[in-house]
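What follows is a single structure, written as structure tokens, with notes after it.
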Amino acid sequence: MKKKLSGPRILWAVFLGLFVTACVVDDSEGDLRESELSAQTGEALPSDAKDERTVAAALVTSGPVTKALSAGNTHSLVLRTDGSVWAWGQNSFGQLGNGTLTLSPVPLRVTGLPVIKAIAAGRNHSLALGVDGSVWAWGQNASGQLGDGTTTGRLTPVSVTIPGGAVAIAGGLNHSLAIAADGSVYAWGANSDGQLGDGTTNARLTPVHLSLPATIVAISAGWFHSMALGADGHVWTWGRNLNGQIGNGSASSVNQLTPYQVNLALPATAIAAGATHALALLSNQSVVGWGQNTNGQLGNGTTATAQSTPVAAALTGAVKSIATGGNFSLAIDATGAAWGWGQNSWGQLGDGTLTQRTSPVQVQGLSDALAISAGLSHSLALRPGCPFWAWGLNSSGQLGDGTQTNHSTMTQTQLLNIYFYDLDTDGYGGDLFPSEEGCQPSSPEYVEQGLDCDDFDSTLNPGATEVCDGRDNNCNGQVDDGASGGTWYRDADNDGYGNPAVITHACAKPTGYVSNSADCNDDLASVKPGATEVCNKVDDNCNGSIDEGLPVSTWYRDADGDRRGNPSVIVQTCSAPSGYVSDYSDCDDTNATLPRYYSWDADGDGYGQGFVAGPAPGPASYLGCTQLVGYAANSDDCNDSNSFVHPGATEVCDRMDNNCDGSVDEGCSCSAWFSSPTVPSGGTATFGFSASGSYPAGSKAYLYGTRNGVVDTNGTFSYDQLTFSFLVLNSPGLEGYYQRYLIIRGPNNVDLCRTNTVSQTFLPP
């Protein structure tokens, strides 16, 4: 191992407090049988997973590229300051990204990547995040975890589309996560237990957007569960909950298909999803955990399983970073010392033993850790000087020290720092001179930060602020992008005046923008400062007043919408405001039925005759809000001289429309009948008469008829009854042909009803 040298300038931000990792097991190890793993986790293994675990993710920081590391199932990834990604360990699915399937115990560079700023190792797949927000993936893809729309494994990186670009990535057992630039979360891959959080259990071959109620700043992917950290410190979980890893107070086979907010005592600053457990770093720098604990991976001094709500880990000092592995956990305290707890069968805790620990123990010799990552059964650490260190299981070369020998204490990987010659002394080196590798630079002219696009000008480097000068100040390949420059306002209506609410900053005026923000309506070109004010209820000249300086009229409030205004509520404007009219005749502006017309009720029956409403008063009517004596609030009477004639009155058979329904004497009828058309001499027959309807009192029925065509009765006989019958006798001398009918006549001598004419023959002897 190379000698550790002090004093190198290492600009690091390897997720510091927001870096979270958990690892997965690979079935190529052979050291852990499927039955052992099932017993440890309490969960059945999928047929293609066997003894696998998860990895998690890191929040990407802005600025120059900084060193990072991520432990996968049985492989490892690191990021160097030149934006290159290096990998070693198991490669049976192409997870090393070098175009082969060959295991490597030494670091090899991943091919085909742009400049990268973040990495995440999954079970048997790997992810990388470009400085431009692009996402790349390679390795196993049976569940679509590479997100390229296929299930084809990839030996070299392929692009993953995240709308608007990504700022963070995470790799799980067979699924992946990303945070988009807008703080939203995307997920893809396996989803049998709802680990994608989209409310379904359908696998997704391309990223799907999740519904979360907060801006997300960190993500972590477990075996079959996932985590997210909001900018407000809230923690969200979803997926499998068999061991309480959701943290909702239960441990059951009922999965959480959408994000659930974990109840924490304090806001969180970092999260880490293990195989079947979870950790959170709280704002007071303490650590809590929940989920599976059969190996003591929660660090609370016990092996009690299924802690379905958060419990405190037994760490006495302030913690600044956490990581989770298969069945163990890691942390860095405020002094830089690293701690581990949980399963230790292969020395993954780094304490020099293989003894399981239910409470945190210090990693031997690691007092200056900058970042850590936990795999299934191995661990990685970033340190000052000689940067990359590892310990634990090494059967696939995942420690990167050139061997396949396990280590229960730290061993240095065969990858050093890379230094670049800094000609303009701005802290960033270029490619004018060869770079060098080592634990520290050979001279002060060499620096860790590279990617300088002009090493002759100290104002141009990846850490510079972009300004409007026609140059690529921050070396991102774009000129004057994002520079503060001038402030420009959208001029959508092209009237020369801009919208103060739609702003952009650019060095040159963009098309459709102007330098002023004086427009008050950017949809109407006629509305702008200096325009002529017209009567249209619009502030045409943008001076804050509407229709000012124009001739005005008086308008009256019409609160009840009857088109008549309240004479006591007025405004004077050039046009009628909404809810105002020119009429001021309303006497009750809360009742749309008033004022109304009242008509004269001459017969006092409560019904008037004349117009109640209309464009002008009708005869004997008036407009008002109060009903005067002798007037009715209607004009429904059809005879205002007869109090017995009005709507609702009883229809009487009197030749009048008593109920004003337009019909006369409806229901009134009368009829006559003989029981036999002939009567033998000496015989009898019945003559009958009946009437229906209501007839005035005193009405009588009068009999009319002829005998042999000669009138023999002309109303001489009358009957008080309006329904009757009697016998007639054919006596000698009465023979002949008879016709009869009756008329009902009222007391005023008006005929009210006439019956039909009936005929009968009296036969001779």
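The values are calculated or read from the model by the stated rules, or taken from the named source; none is laboratory data. None of the values given here were measured: they were computed from a predicted structure. Note that we place each Cβ from the backbone using ideal geometry, even for glycine, and neighbour counts take in every protein chain shown.
Pick from L703, L722, L742, L752: which is within 25 Å of C653 (Cα to Cα), without any contact (Cβ under 8 Å) to a residue 40 or more places away in the chain, buried (at least 16 other Cβ atoms within 10 Å of the Cβ) and in contact with a strand residue (DSSP E or B) (Cβ under 9 Å, 6 or more places away or on another chain)? Full working, then the answer.
Working: L722 fails: without any contact (Cβ under 8 Å) to a residue 40 or more places away in the chain; L742 fails: without any contact (Cβ under 8 Å) to a residue 40 or more places away in the chain; L752 fails: without any contact (Cβ under 8 Å) to a residue 40 or more places away in the chain.
Only one candidate passes the filter, namely L703.
Does E437 fit the bill of being outside the structural domain of P387 (by TED's automatic domain parsing), under 30 Å from A374 (Cβ atoms) and buried (at least 21 other Cβ atoms within 10 Å of the Cβ)? Give the derivation first.
Numbers: outside the structural domain of P387 (by TED's automatic domain parsing): yes; under 30 Å from A374 (Cβ atoms): yes; buried (at least 21 other Cβ atoms within 10 Å of the Cβ): no.
No: the conditions fail for E437.
Would you mind stating whether N591 is free of Cβ contacts under 8 Å to residues at least 24 places away in the same chain and either hydroxyl-bearing (S, T, Y) or in a loop (DSSP other than H, G, I, E, B) (or both)?
On the way: free of Cβ contacts under 8 Å to residues at least 24 places away in the same chain: no; either hydroxyl-bearing (S, T, Y) or in a loop (DSSP other than H, G, I, E, B) (or both): yes.
Criteria not met by N591.
Report, by residue number, each residue of region 462-474 that is polar (S, T, N, Q), more than 17 Å from I116 (Cα to Cα) and buried (at least 16 other Cβ atoms within 10 Å of the Cβ).
Taking region 462-474 and keeping what is polar (S, T, N, Q), we get 465, 473-474.
Within this subset, residues satisfying the condition of being more than 17 Å from I116 (Cα to Cα) are 465, 473.
Within region 462-474, N473 is the sole residue that qualifies.
Just wondering, is there one or more residues in region 524-536 that are part of a strand (DSSP E or B) and more than 38 Å from the chain's Cα centre (by Cα)? Steps first, answer last, please.
Quick first cut of region 524-536, residues part of a strand (DSSP E or B) only: none.
There is no residue in region 524-536 that is part of a strand (DSSP E or B) and more than 38 Å from the chain's Cα centre (by Cα).
Got a sec? Which of L366, L376 is within 21 Å of N73 (Cα to Cα), in contact (Cβ under 8 Å) with a residue 40 or more places away in the chain, in a loop (DSSP other than H, G, I, E, B) and in contact with a Gly (Cβ under 9 Å, 6 or more places away or on another chain)? Step through it out loud before you land on a result.
Values: L366 fails: within 21 Å of N73 (Cα to Cα).
The match here is L376.
Under the condition of being under 21 Å from V65 (Cβ atoms) and among the aliphatic types (A, V, I, L, M), which residue from region 131-158 is modelled with the lowest pLDDT?
Checking each candidate, the answer is V131.
Looking only at residues in region 543-572 that are part of a strand (DSSP E or B) and of a type outside the set (A, V, I, L, M, F, W, C), which one is nearest to C520 (Cα to Cα)? I'd like the intermediate steps shown before the answer.
Residues of region 543-572 that are part of a strand (DSSP E or B), as a first pass: 553-557, 566-572.
Keeping just the survivors that are of a type outside the set (A, V, I, L, M, F, W, C) gives 553-554, 556-557, 566-568, 572.
Numbers: S553: 26, T554: 28, Y556: 29, R557: 29, N566: 34, P567: 35, S568: 34, Q572: 24 Å.
Residue satisfying both the conditions and the ranking: Q572.
Can you tell me which residues in region 320-333 are buried (at least 24 other Cβ atoms within 10 Å of the Cβ) and either over 20 Å from S345 (Cβ atoms) or small (G, A, S) (or both)? Explain how you work it out, then say what you get.
Of region 320-333, the ones buried (at least 24 other Cβ atoms within 10 Å of the Cβ) are 321-332.
Across region 320-333, the qualifying residues are S321, I322, A323, G325, G326, S329, A331, I332.
Among G153, G122, G99, G130, which is the only one that is at positive phi and not polar (S, T, N, Q)? Explain how you work it out, then say what you get.
On the way: G153 fails: at positive phi; G122 fails: at positive phi; G130 fails: at positive phi.
Every option except G99 fails the conditions.
Quick check on region 481-509: of everything there that is under 33 Å from the mean Cα position of the chain (by Cα) and aliphatic (A, V, I, L, M), which residue is nearest to L524 (Cα to Cα)?
Top of the filtered list is A492.
May I ask you to say which residue of L423, L399 is crowded, with 21+ Cβ neighbours inside 10 Å, in contact (Cβ under 8 Å) with a residue 24 or more places away in the chain and among the aliphatic types (A, V, I, L, M)?
Working: L423 fails: crowded, with 21+ Cβ neighbours inside 10 Å.
Unique residue meeting the criteria: L399.
If I filter region 169-183 for residues that are of a type in the set (D, E, K, R) and buried (at least 24 other Cβ atoms within 10 Å of the Cβ), do I get at least one hit? Outline the logic, then answer.
First, pick out the residues of region 169-183 that are of a type in the set (D, E, K, R): 182.
Among the residues that remain, those that are also buried (at least 24 other Cβ atoms within 10 Å of the Cβ) are: none.
Checked region 169-183: no residue is of a type in the set (D, E, K, R) and buried (at least 24 other Cβ atoms within 10 Å of the Cβ).
Kindly indicate whether Q478 is under 30 Å from Q412 (Cα atoms) and either within 38 Å of the chain's Cα centre (by Cα) or at pLDDT 90 or above (or both). Reasoning before the result, please.
Details: under 30 Å from Q412 (Cα atoms): no; either within 38 Å of the chain's Cα centre (by Cα) or at pLDDT 90 or above (or both): yes.
The answer is no for Q478.
Between S159, S126, S134, which is of a type in the set (S, T, Y), more than 15 Å from P207 (Cα to Cα) and in the same structural domain as D401 (by TED's automatic domain parsing)?
Working: S159 fails: more than 15 Å from P207 (Cα to Cα); S134 fails: more than 15 Å from P207 (Cα to Cα).
After ruling out the rest, the residue left standing is S126.
I'd like to check which strands (runs of 3 or more DSSP E) are fully inside region 253-323 and have at least 2 residues that are touching a Phe, Trp or Tyr at 6+ places or on another chain (Cβ under 9 Å). Don't jump to the end; show me each part of the working.
Working: elements: 256-261, 268-273, 277-282, 287-291, 307-312.
Passing ranges, in order: 256-261, 268-273, 277-282, 307-312.
Starting from region 678-695, keep only residues that are farther than 20 Å from R655 by Cβ, then list their pairs with residues that are charged (D, E, K, R) and assigned to a strand (DSSP E or B) whose Cβ atoms are within a distance under 8 Å, requiring at least 6 positions of separation or different chains.
F687/R740
Is there any pair with a first residue in region 196-207 that is surrounded by fewer than 17 Cβ atoms within 10 Å (Cβ to Cβ) and a second that is among the aliphatic types (A, V, I, L, M) whose Cβ atoms are under 6 Å apart and which are 6 or more apart or on different chains, and what are they?
Short answer, once both residue conditions are applied: G199/L257.
Condition check ((1) more than 30 Å from L354 (Cβ to Cβ); (2) in contact with a strand residue (DSSP E or B) (Cβ under 9 Å, 6 or more places away or on another chain)) across all residues:
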residue: L393; (1), (2): no, yes
residue: G397; (1), (2): no, yes
residue: Q414; (1), (2): no, yes
residue: D424; (1), (2): yes, no
residue: C439; (1), (2): no, yes
residue: Y446; (1), (2): yes, yes
residue: N473; (1), (2): yes, no
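In region 246-268, which residue that is polar (S, T, N, Q) and over 26 Å from the mean Cα position of the chain (by Cα) is farthest from G291 (Cα to Cα)? If you could, list the steps in order and put the result at the bottom.
Filtering region 246-268 for residues polar (S, T, N, Q) gives 248, 250, 252-253, 255-256, 258, 261, 263.
From what's left, over 26 Å from the mean Cα position of the chain (by Cα): 250, 252-253.
Working: S250: 10, S252: 11, S253: 13 Å.
Result: S253.
Let's see how each residue does on (1) assigned to a loop (DSSP other than H, G, I, E, B); (2) of a type outside the set (D, E, K, R); (3) buried (at least 23 other Cβ atoms within 10 Å of the Cβ):
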residue	(1), (2), (3)
C386	yes, yes, no
W391	no, yes, yes
T405	yes, yes, no
T411	no, yes, no
Y419	no, yes, yes
Y428	yes, yes, yes
P444	yes, yes, no
D454	yes, no, no
L460	yes, yes, no
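Looking at V679, V612, V629, can you tell me which residue is touching a strand residue (DSSP E or B) at 6+ places or on another chain (Cβ under 6 Å), of a type in the set (V, I, T) and at pLDDT below 90?
On the way: V679 fails: at pLDDT below 90; V629 fails: touching a strand residue (DSSP E or B) at 6+ places or on another chain (Cβ under 6 Å).
Exactly one of V679, V612, V629 is touching a strand residue (DSSP E or B) at 6+ places or on another chain (Cβ under 6 Å), of a type in the set (V, I, T) and at pLDDT below 90, namely V612.
Taking region 292-310 as the region of interest, how many residues are buried (at least 17 other Cβ atoms within 10 Å of the Cβ) and free of Cβ contacts under 8 Å to residues at least 60 places away in the same chain?
Filtering region 292-310 down to residues buried (at least 17 other Cβ atoms within 10 Å of the Cβ) leaves 292-300, 305-308, 310.
Then keep just the ones that are free of Cβ contacts under 8 Å to residues at least 60 places away in the same chain; that gives 293, 297-298, 300.
Number satisfying all stated conditions: 4.
Confirm whether A483 is in a loop (DSSP other than H, G, I, E, B), farther than 28 Å from T81 by Cβ and not acidic (D, E).
Working: in a loop (DSSP other than H, G, I, E, B): yes; farther than 28 Å from T81 by Cβ: no; not acidic (D, E): yes.
In short, no.
For every residue, the table says whether it meets (1) within 44 Å of the chain's Cα centre (by Cα); (2) closer than 23 Å to G172 by Cβ.
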site: A314; (1), (2): yes, no
site: T324; (1), (2): yes, yes
site: G340; (1), (2): yes, yes
site: Q362; (1), (2): no, no
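Identify, from the list N73, N98, the residue that is closer than 19 Å to G392 by Cβ and in contact (Cβ under 8 Å) with a residue 12 or more places away in the chain.
Details: N98 fails: closer than 19 Å to G392 by Cβ.
Checking each option against the conditions leaves just N73.
Before we move on, is A483 over 30 Å from Y584 (Cβ atoms), modelled with pLDDT of 85 or more and aliphatic (A, V, I, L, M)? Working first, answer last.
Working: over 30 Å from Y584 (Cβ atoms): yes; modelled with pLDDT of 85 or more: no; aliphatic (A, V, I, L, M): yes.
Spelling it out, it is not the case that A483 is over 30 Å from Y584 (Cβ atoms), modelled with pLDDT of 85 or more and aliphatic (A, V, I, L, M).
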